[in-house]
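The next block holds one structure in the form of structure tokens; read it before the comments.
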Amino acid sequence: MKSNPKFDEFCCFLNYTTLTQKSTRKSDGSDNRVWTYTMAQDPTPPLTPDRLQALNSIPCEEAPSPGYVIHMDRLEANCQLLQSVAERSGAKILLALKGFACHSTFPMLRRYLSGTTSSGLHEGLLAHELFGKEVHVYSAAYKPSELTHLNRFAHSLVFNSANQLAKGIEILGNSRKAELGLRVNPEYSEVETELYDPCSPASRLGTTRAALDKALSNLPEKLLNQLHGLHFHALCEQDADALEHTAEAFEKKFGDLIPGMKWLNFGGGHHITRPGYDIDRLCRTVQYFRDTYNVDVYLEPGEAVALHTGVLIVTVLDIVEAGGHQIAILDSSATCHMPDVLEMPYRPSILGAGQPGEFPYTYRLGGMSCLAGDVVGDYSFAAPLSPGQRIVFLDMSHYTMVKNTTFNGVPLPAISLYSSDSGLNTVKTFGYEDYRNRLS
Ligand SMILES: Cc1ncc(COP(=O)(O)O)c(C=O)c1O
């Protein structure tokens, strides 16, 4: 069939948007329905043809299975886009290590990004040892020993409450080197999944204005004078409209504290490298705060750095039949190797596979652990699957290798890098010792 550019454009639009019907009651009691298009919150936005082609070019048969392969050219393209955002907006962009910490890629990443953000001592040490540049840290709570260690090399330490801030200042005393920040909760969020909403009314992450004011009444006067920055993290896989709205809410609640700050940190969750992301709006929002308050602005994406840059290669070990399903057992596991599939939950895409029934042969793909629900999802294929055959899960770089477990002794996937210039390079394999050494 000849491609119709208008039709392709329309399909692309539908892929990235959701049509929702908002129903409001008129004063006479009748329904007033309005159809609105909103940005989809699909955790795996469809790959554009060039991204798909890049991942398809990885020589998957040559890589270990199970194994992640990071496409370095795609990772560099994401970093170049982030660098251009930094140049246009003046924002400093940090890699959130919680999302992507594949440190064999750090020599390339550090050419484009200002540094990293860590969630505590171990990520901080990794950042200091292997990434360099600016090392920022936020933790929901610090142990005194962690604080003193981090203070030796951290650029900033962000505290979760006024009490933690006061305690931190006391612990560090005159040896304090790091700049100090406070994470606040703007109590505004457009995140629909509760598990990922850091700004819900009962969230423990960040201090609300009411909690801050209450805590300050029992703390040394001028505590906030010691602060260098304010931090909020309220987004998850979102576009710049959500950032703009959240930043407005932040300014309403905490605007009086901004003068005198050196920096603001707008957290992560910015899906900047997603096709169709509104970069102009992001830049406008950053520039507004930089110009109005004369502050530096940090963004700390994890997912956007690694979005659409890697695959997980697995092998079919057996096919069983149960409950009317053909079930392929893989040498991998949702719970061990792609836990967000079960936590979020979502259904990752597979190279060359479709929705159940779309192609002639439909299978349920299951993991090798004992967990009954260790199921990735139902997929259809053009040809029957058979033991020994490989399957390639798409978009598997972020929140996978950082979250892996060896539950059931399931081996950890190898890690390989691929680039069109250097080909495939397996940088890490795991064995029995890795399982044994985590236990004692
Ligand atoms: C404080 C903070 N910063 C940054 C991030 C990175 O978010 P993302 O990977 O969605 O960009 C997170 C993710 O949970 C976070 O909690």
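Condition (residue is in the same structural domain as R176 (by TED's automatic domain parsing), more than 18 Å from the chain's Cα centre (by Cα) and touching a residue at least 60 places away in the same chain (Cβ under 8 Å)) applied to region 101-109: is it met by at least one residue? Yes, region 101-109 contains at least one residue that is in the same structural domain as R176 (by TED's automatic domain parsing), more than 18 Å from the chain's Cα centre (by Cα) and touching a residue at least 60 places away in the same chain (Cβ under 8 Å). The residue that is farthest from R183 (Cα to Cα), among those in region 83-101 that are more than 11 Å from the ligand (Cβ to nearest atom) and in contact with a strand residue (DSSP E or B) (Cβ under 6 Å, 6 or more places away or on another chain), is A86. Checked against (1) over 30 Å from D197 (Cβ atoms); (2) in contact (Cβ under 8 Å) with a residue 24 or more places away in the chain, E343 meets all criteria but (1).
Listed here are the residues, each with its yes/no results for (1) within 16 Å of the ligand (Cβ to nearest atom); (2) over 23 Å from G99 (Cα atoms); (3) crowded, with 16+ Cβ neighbours inside 10 Å; (4) not assigned by TED's automatic domain parsing to the domain that holds L94.
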position	(1), (2), (3), (4)
Y138	yes, no, yes, no
A141	yes, no, no, no
E146	no, no, yes, no
R152	no, yes, no, no
N160	yes, no, yes, no
A178	no, yes, yes, no
V184	yes, no, yes, no
V191	yes, no, yes, no
Y196	yes, no, yes, no
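The single condition among (1) outside any strand (DSSP E or B); (2) farther than 27 Å from M108 by Cα; (3) without any contact (Cβ under 8 Å) to a residue 60 or more places away in the chain that F430 does not meet is (2).
Taking the criterion of being of a type in the set (A, V, I, L, M, F, W, C) and either on the phi > 0 side of the Ramachandran plot or at pLDDT 85 or above (or both), the only residue of region 192-201 that qualifies is C199. Taken over region 370-400, the criterion of being assigned to a loop (DSSP other than H, G, I, E, B), surrounded by 15 or more Cβ atoms within 10 Å (Cβ to Cβ) and free of Cβ contacts under 8 Å to residues at least 40 places away in the same chain is satisfied by L371 alone.
State whether the residues of region 124-135 include one that is surrounded by fewer than 16 Cβ atoms within 10 Å (Cβ to Cβ) and among the acidic types (D, E). Checked against the condition, which is being surrounded by fewer than 16 Cβ atoms within 10 Å (Cβ to Cβ) and among the acidic types (D, E), region 124-135 yields at least one hit.
Can we say L165 is in contact (Cβ under 8 Å) with a residue 24 or more places away in the chain, surrounded by fewer than 21 Cβ atoms within 10 Å (Cβ to Cβ) and part of a helix (DSSP H, G or I)? No: the conditions fail for L165.
Where helices (runs of 4 or more DSSP H) fall entirely within region 37-147, those with at least 1 residues that are polar (S, T, N, Q) are at 49-56, 72-89.
Of the residues P259, P220, the single one that is more than 19 Å from the chain's Cα centre (by Cα), more than 13 Å from the ligand (Cβ to nearest atom), modelled with pLDDT under 95 and surrounded by fewer than 15 Cβ atoms within 10 Å (Cβ to Cβ) is P220.
Taking region 262-278 as the search range and keeping residues that are of a type in the set (F, W, Y) and in contact with a strand residue (DSSP E or B) (Cβ under 6 Å, 6 or more places away or on another chain), which one is nearest to the ligand (Cβ to nearest atom)? Looking at the filtered set, the residue picked out is F266. Looking only at residues in region 286-318 that are in a helix (DSSP H, G or I) and more than 16 Å from the ligand (Cβ to nearest atom), which one is surrounded by the most Cβ atoms within 10 Å (Cβ to Cβ)? Among those that are in a helix (DSSP H, G or I) and more than 16 Å from the ligand (Cβ to nearest atom), it is F289.
With respect to being within 13 Å of the ligand (Cβ to nearest atom), surrounded by 15 or more Cβ atoms within 10 Å (Cβ to Cβ) and outside any loop (DSSP other than H, G, I, E, B), L243 fits the description. A single member of V305, V295 is under 30 Å from H71 (Cα atoms), in contact with a strand residue (DSSP E or B) (Cβ under 9 Å, 6 or more places away or on another chain) and in contact (Cβ under 8 Å) with a residue 12 or more places away in the chain, and it is V305. Among the residues that make up region 333-342, is at least one of them within 28 Å of the chain's Cα centre (by Cα), more than 29 Å from P49 (Cα to Cα) and not polar (S, T, N, Q)? Yes.
When S203 is tested against the conditions (1) surrounded by 21 or more Cβ atoms within 10 Å (Cβ to Cβ); (2) within 13 Å of the ligand (Cβ to nearest atom); (3) part of a loop (DSSP other than H, G, I, E, B); (4) not basic (K, R), the lone failure is (1).
Scanning region 319-335 for residues that are free of Cβ contacts under 8 Å to residues at least 12 places away in the same chain and in a strand (DSSP E or B) yields a total of 3.
The values are calculated or read from the model by the stated rules, or taken from the named source; none is laboratory data. Predicted model, so just to flag it, every value in this text is computed and none were measured. Here Cβ is always computed from backbone atoms with ideal geometry, including for glycine, and neighbour counts include all displayed protein chains.
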